[in-house]
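The values are calculated or read from the model by the stated rules, or taken from the named source; none is laboratory data. As the structure is a computational prediction, the values presented were derived from the model and not from experiment. Counting neighbours? That spans all protein chains shown, and the Cβs are built from the backbone with ideal geometry, glycine included.
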Amino acid sequence: MRLRWLFPTALLLAAAQVVAAPRAAEPVAFDWFEYRGMDPLFEEALAKGEYQNPVAAGFFPDPSIARRGDDYYMAHSSFAYTPGLPILHSRDLVNWRLLGHALTRRSQVDMRGLQVSQGIFAPTLRYHQGRFYLIGTAVGAGGNFLITANDPQGPWSDPVWLPEIGGIDPDIFFDDDGRVYIAHNDAPEGEPLYDGHRAIWLWEYDPEAERVLPDSGRVIVNGGVNLSEKPIWIEGPHLYKVNGWYYLLCAEGGTGYNHSEVVFRTRKLDEPFEPYSGNPILTQRDLDRGRADPIVAAGHADLVQTPEGDWWSVFLATRPYDEVFYNTGRETFLLPVSWKDGWPRILAAGQAIPMRPDAPAIDAAPAEGAPLTGNFIWRDDFETRELNPHWNLLRGDFERDWLQLRGKQLQLLPKPRSMASREQPAYLGRRQQHQRFQASAQLRLPADEGVSAGIVAFQNENYHYYLGVKAAGKDGYEIFLERAAGGEPQRLHSVSVDAKAGEPIALEIRGDRSEIGFYYRSSDGPAKKLVAGLDGELLSTEAAGGFVGTTLGPHARLESM
């Protein structure tokens, strides 16, 4: 009796599990995505012979620059965004275009599970004897590494990992005697004397054996310009040789308001580096914080010389509102370099970074592609088979098995992961490059009741907004707003609309410095406000922490099935 009772019960349980097993959701289709930048600062037309700073607006931090002939290339930190290490191209140092990325496959780096501000830190890009070199740090994903390519557009090699050196921000320098060196930030010898006490180390690298010479490391800068003043976060080193001198350019003071660029030099690499008496050669920390349209936190510079012999510097800085808040991340600026008494200087003390300086004396047509500064409209109608390079995914998700471009649509397969997850959500984002912007997307209403889809403003896992839509009954849908403000996402506002599966609906985010609003409309109707005047500051680095800028883009989520 007992066995006969258990046997049919087991069958019933198994049958119930089969019936209750969740079915796969259908992909959500997006017809288009559009981004509009509308900063008042960019509205006035440039005068003849001027260029616009920043030259790469939005989240393009830690620029490193290299020249091959008449072409210039820049690489930037990408942290946990994928593909990694964006490569920009210019013919005139002013007009830059996104050429592609150096990290495009998991065999190069695996960032699964990382927080968005981990991953790929400050790289150095160099060109030497027909080959490009990129050296950088994968924080939480392997440490310091070196990759190479014959063409900056790729493909780039798998990494040579450099376990002999720790810290971050490695630089590679090719001396004219054939020897190769790596400088980087790391802890000082012995115990640090104070919080933020770091050092710059120098090692010799054997390019044939592809390894660091293990006994070659030594500290070349301890603490910064003046150790007695307890300088903090000496980092971002770059070595150059000019007129018989070795110059070492470093960032000092941290990447916040006290950020600066300092320089040292020596006649021989085995001799001490002397700091410049006029340091820092670039900073904005001595200006009035309440000035109009400020540019702050300038530093982390790299230098390049034109074929005409002129020197220029690219560096990062930020454009805050209300003195300390910026949602756009750290941006790339350009300024000329002057030399005095054998020392380079980017900007005199107390001088503000100009927004519209005189352009370099380079006669070249701009590189082709979407602009990276000024006011513009960027739109993707998903008409190509390849994803536009301005789209970013997260955490080394190179397989993209949840994403398809088909029939002039972007199709996202919903995942059971919110934007708070450290696993890859069904999300792709493009940079917010303006303080005032509009980002909108048109999608087809999903038929599955357990699916939501919409548009996200994402700073990190704990700070973001999600404007979504989901089925709510036979002939209705719910448009809702979800916010994460330091913890798990919370539902804020919602509205019911009469609509049917497959019909188009457009969702829109409007940002203006410290305020953000959310709107929706049918394909041919006027925009309707869900809610406006919400806190945009939570998308700033000041509120959210970390090192990235806000990204905006489509998202699909499996709520339940």
GLY525 vs (1) over 24 Å from the mean Cα position of the chain (by Cα); (2) surrounded by 15 or more Cβ atoms within 10 Å (Cβ to Cβ); (3) assigned to a loop (DSSP other than H, G, I, E, B): all pass except (2)
Enumeration of residues in the stretch 483-505 that are free of Cβ contacts under 8 Å to residues at least 60 places away in the same chain, touching a strand residue (DSSP E or B) at 6+ places or on another chain (Cβ under 9 Å) and not aliphatic (A, V, I, L, M)
ARG483, GLY486, GLN490, ARG491, HIS493, SER494, SER496, ASP498, LYS500, GLY502, GLU503
Any idea which of (1) part of a strand (DSSP E or B); (2) over 13 Å from the mean Cα position of the chain (by Cα) is the one PRO86 doesn't satisfy?
(2)
Can you tell me which of (1) touching a Ser or Thr at 6+ places or on another chain (Cβ under 8 Å); (2) without any contact (Cβ under 8 Å) to a residue 24 or more places away in the chain; (3) surrounded by 14 or more Cβ atoms within 10 Å (Cβ to Cβ); (4) not hydroxyl-bearing (Ser, Thr, Tyr) is the one GLU508 doesn't meet?
(2)
I need every pair where a residue in the stretch 436-450 that is without any contact (Cβ under 8 Å) to a residue 60 or more places away in the chain and in the same structural domain as VAL469 (by TED's automatic domain parsing) has its Cβ under 6 Å from the Cβ of a residue that is part of a loop (DSSP other than H, G, I, E, B) and of a type in the set (Phe, Trp, Tyr), sequence separation at least 6 or different chains.
none
Complete set of residues in the stretch 494-520 that are under 34 Å from the mean Cα position of the chain (by Cα), among the charged types (D, E, K, R) and outside any strand (DSSP E or B)
ARG513
For the structure I just gave you, tell me whether THR82 is on the phi < 0 side of the Ramachandran plot, hydroxyl-bearing (Ser, Thr, Tyr) and surrounded by fewer than 20 Cβ atoms within 10 Å (Cβ to Cβ).
no
All-but-one check, ALA499 against (1) closer than 17 Å to PHE480 by Cα; (2) surrounded by 21 or more Cβ atoms within 10 Å (Cβ to Cβ); (3) aliphatic (A, V, I, L, M), failing number (2)
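With modelled with pLDDT of 95 or more, within 30 Å of ALA447 (Cα to Cα) and surrounded by fewer than 17 Cβ atoms within 10 Å (Cβ to Cβ) as the only criterion, which of GLU34, GLU50, GLU43 stands out?
Being modelled with pLDDT of 95 or more, within 30 Å of ALA447 (Cα to Cα) and surrounded by fewer than 17 Cβ atoms within 10 Å (Cβ to Cβ) holds for just one of GLU34, GLU50, GLU43, which is GLU34.
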Across the stretch 223-242, what is the total count of residues that are polar (S, T, N, Q) and either out of contact with any strand residue (DSSP E or B) (no Cβ under 9 Å at 6 or more places or on another chain) or under 20 Å from GLU164 (Cβ atoms) (or both)?
1
Just name the residue that is nearest to ARG422 (Cα to Cα) out of those in the stretch 372-393 that are not aromatic (Phe, Trp, Tyr) and not in a loop (DSSP other than H, G, I, E, B).
LEU393
For ALA359, state whether it is crowded, with 16+ Cβ neighbours inside 10 Å, at pLDDT 95 or above and outside the structural domain of TRP96 (by TED's automatic domain parsing).
yes
Taking the stretch 225-252 as the region of interest, how many residues are under 16 Å from ILE182 (Cβ atoms), among the small types (Gly, Ala, Ser) and surrounded by fewer than 19 Cβ atoms within 10 Å (Cβ to Cβ)?
0
Restricting to the stretch 284-305, count the residues that are among the polar types (S, T, N, Q) and under 19 Å from GLN52 (Cα atoms).
1
Tell me, which residue of the stretch 197-224 that is within 29 Å of the chain's Cα centre (by Cα) and in a loop (DSSP other than H, G, I, E, B) is surrounded by the fewest Cβ atoms within 10 Å (Cβ to Cβ)?
GLU210
Which members of the stretch 519-548 meet the condition of being closer than 17 Å to GLU503 by Cβ and free of Cβ contacts under 8 Å to residues at least 60 places away in the same chain?
TYR520, ARG521, SER522, ASP524, GLY525, PRO526, ALA527, LYS528
Enumeration of residues in the stretch 390-426 that are under 13 Å from PHE33 (Cα atoms) and of a type in the set (Phe, Trp, Tyr)
TRP391
Considering the stretch 254-292, residues that are under 15 Å from GLY342 (Cβ atoms) and assigned to a strand (DSSP E or B), and then whichever is nearest to the chain's Cα centre (by Cα), we arrive at VAL263
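Just checking, how many residues over the stretch 475-493 are part of a loop (DSSP other than H, G, I, E, B) and either aromatic (Phe, Trp, Tyr) or surrounded by 12 or more Cβ atoms within 10 Å (Cβ to Cβ) (or both)?
1
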Hits in the stretch 400-413 - residues which are in a loop (DSSP other than H, G, I, E, B) and either assigned by TED's automatic domain parsing to the domain that holds PHE121 or in contact with a Lys or Arg (Cβ under 8 Å, 6 or more places away or on another chain) (or both)
TRP402
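This table checks each residue for (1) in contact with a Pro (Cβ under 8 Å, 6 or more places away or on another chain); (2) not small (Gly, Ala, Ser).
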site	(1), (2)
ASP39	no, yes
ALA45	no, no
PRO63	no, yes
ALA75	yes, no
ILE87	yes, yes
LEU98	yes, yes
Please determine whether any residue of the stretch 379-393 is touching a His at 6+ places or on another chain (Cβ under 9 Å) and either under 30 Å from LEU443 (Cα atoms) or in the same structural domain as GLY545 (by TED's automatic domain parsing) (or both).
yes
Of a type in the set (A, V, I, L, M, F, W, C), in the same structural domain as GLU331 (by TED's automatic domain parsing), surrounded by 15 or more Cβ atoms within 10 Å (Cβ to Cβ) and assigned to a loop (DSSP other than H, G, I, E, B) - does that describe any residue in the stretch 169-187?
no
